[in-house]
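The values are calculated or read from the model by the stated rules, or taken from the named source; none is laboratory data. As the structure is a computational prediction, the values presented were derived from the model and not from experiment. We place every Cβ from the backbone using ideal geometry, glycine too, and count neighbours over all the protein chains shown.
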Amino acid sequence: MVKKLIWAGAWILVFLFATPSFSQTMGLNDGYTRMFGISARSTAMGGAMVGIAEGIDAIAYNPAALALSPNSASLQFQYFPSSRLMVNEINEGPQSLGIIMGLTQKVLRDRIGFGFLLNVAPSVGGDWPSYSSGTLPLPMGFGLALRLHNTLGIGIAPASNLWIRASEVQLSVSQLLGGILGVSIGAPATDVNPNIALGFSAEDTKYAIAVAFRPVKYLSLGYVDIPLTKTRLRIPIVIKGGGLVDDMRSIMLSDISSTPPIQQYGFGVHLPIPRSELTLAWTRQKLGFGDLYDDLYGDYLEWSDPKLSSVVSVGYGPPAPVENVTVDRYGLEYVLNLKGMGGIPNALSQRNSQLAVRGGYFEWKSPYPEELWGTRFDSDAEIYSFGLGLTFDRKGKSSLERPLAKNQFAIDLDLQYLDLEDKDYKLAYDYWGNPRSPADVYWYHTEGEIWAFGLQFSWLH
């Protein structure tokens, strides 16, 4: 009991320090994890995990499953032996090693489940948004679940967005001109407010609400919903005119983190076969990038309204157009019990060892339009994956001797292939006939592929 209370206290501390960075590691949100997964199992099965998630996969794909899966600790390494995604002859693929660490634990007679993960994503070349690891520096994730019944769990993955707010900044006209020209004009200004006081405050909440339902041993279901959230940088500025020139007020706005509304649902069918089990999984993701664009564009119209612009100047441009996306993911897993099989070493046979073979596929559909918009381009891709896993008891004792214990160790491998279509993009032009892309970009061409290899060690208890 004392041990579990210590675990509970530790998780509360983890929650307090981890929540500011939720949006960057949730597999539901982050571009990197949408492509490459959170664990070797989820990667190998194409991310079709909403209905069958366990361990740290539950944090990323279905927090409610934390109440129905075993306690675990895991460490994964992800390496990219070949990463060639060429955009105008610039490689924008992952360029370094990725590391993912995770912990899950159940307390209060296993009725409450906690989960925490840290994702150190590899560096990414260029400016391909689908593979950007996020805007905030500490990629963490946290999940909390309640077991209502042995077959039903509900969960939430809460977090606070980081808003960067500043007190009013006052500048004189001479100081403003001096800053632009790089020279000193007149005497030093005395009416400049020195207390800019940039800081952080939690002003809105980002969260995912999830349900995991496993009515029978042969079927598992899951559903996850994430509402639209926005995090914005606001800096009010007053330019002190003096004399005949009135004070001019300005607000600088910048969207630093926005999450589209996301809905995920899926199922897993578990088919018993002599000495083994076959799992077929499917997940559908509805990513509301278009809904987010409509909301942000509405903000732009509000801030650019003439009634407001006559009073204060607001620096806030229109967002790049994007569309809603639906992605279907497919995965399978075949688990073979090695106990008692011929040719299997006794060290494995006596430890309830199991061998897993996995496969997966999904087609990523980019939210960006077919034509080039700035440096944003359509990045449709097909992803194929394969994996192997070996699980066995950490101690040389059978489950019959300790039926309530699940002290196991697992080694999982995954291999993933991502193919980006070879494509030329036409430029989008504004009302005056000027290309919306940078002036030095008159054509855009994409091609390439990624090979990703993952190795994961897990401790189940």
In segment 91-134, which residues are modelled with pLDDT of 70 or more, under 30 Å from His445 (Cα atoms) and of a type in the set (S, T, N, Q)?
-> Asn91, Gln95, Ser96
Identity of the residue in segment 232-268, under 19 Å from Met45 (Cβ atoms) and either loosely packed, with under 15 Cβ neighbours inside 10 Å or in contact with a Ser or Thr (Cβ under 7 Å, 6 or more places away or on another chain) (or both), that ends up modelled with the lowest pLDDT = Gln264
Selection from segment 62-92 of residues that are within 25 Å of Ile112 (Cα to Cα), in a loop (DSSP other than H, G, I, E, B) and touching a residue at least 60 places away in the same chain (Cβ under 8 Å) = Asn62, Leu68, Pro70, Asn71
Go through (1) farther than 30 Å from Asp424 by Cα; (2) surrounded by 23 or more Cβ atoms within 10 Å (Cβ to Cβ) and name the single condition Pro70 misses.
-> (2)
Of the numbered conditions (1) among the polar types (S, T, N, Q); (2) closer than 17 Å to Gln264 by Cβ; (3) part of a strand (DSSP E or B), Ser42 fails exactly one; give the number of that condition.
-> (3)
For segment 294-335, name all the residues that are under 30 Å from Ile52 (Cβ atoms) and either loosely packed, with under 15 Cβ neighbours inside 10 Å or among the aromatic types (Phe, Trp, Tyr) (or both).
-> Thr326, Tyr330, Tyr334
Just a yes or no: is a residue in segment 75-89 among the charged types (D, E, K, R) and either crowded, with 20+ Cβ neighbours inside 10 Å or at pLDDT 90 or above (or both)?
-> no
